[in-house]
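Working notes for the structure below.
The values are calculated or read from the model by the stated rules, or taken from the named source; none is laboratory data. Keep in mind it's a predicted model, so treat the numbers as computed, not measured. In this analysis, Cβ positions are derived from the backbone assuming ideal geometry, glycine residues included, and neighbour counts consider all displayed protein chains.
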Amino acid sequence: MYFNLAIFPAVIIGIILFIIGQRVSRVVNGKPVRILLGLLFIFFCIPNFLFTAYYMHFINEPIWYIKFRAIDNIELLSSLIGIFFGFVTFKDGSLERLN
């Protein structure tokens, strides 16, 4: 099995984007802006959804997916999920007021 060395920069970039997502979550006020940013960050995660769907055999090997995966270092796009999880996992204390 071929070991793809792009995993190392993808993990580093993912951690950096996670931290950026947390900081963006702290700065952003207002529900509409948070919803729009959340949707934008979900849009960034589409390559991850495609990778997962392919490896779980939900999609076969269509030509568009083969061309997509043939792009050099496309695996680095998997690090974009870091900004989404950083954005949604930030604890701002608003849940504590409910208790």
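Which is part of a helix (DSSP H, G or I) and either at pLDDT 90 or above or exposed (fewer than 13 other Cβ atoms within 10 Å of the Cβ) (or both), of Phe58, Phe51, Phe41?
Phe41
Taking the criterion of being at pLDDT below 85 and among the hydroxyl-bearing types (Ser, Thr, Tyr), would at least one residue in region 64-80 satisfy it? Yes, there is a match, as at least one residue in region 64-80 is at pLDDT below 85 and among the hydroxyl-bearing types (Ser, Thr, Tyr). If you take the residues in region 1-10 that are loosely packed, with under 13 Cβ neighbours inside 10 Å and outside any helix (DSSP H, G or I), which one is modelled with the lowest pLDDT? Looking at residues that are loosely packed, with under 13 Cβ neighbours inside 10 Å and outside any helix (DSSP H, G or I), I get Met1.
How many residues does region 11-38 hold that are within 13 Å of Glu75 (Cβ to Cβ) and either over 16 Å from the mean Cα position of the chain (by Cα) or at pLDDT below 90 (or both)? Matching residues across region 11-38 total 0.
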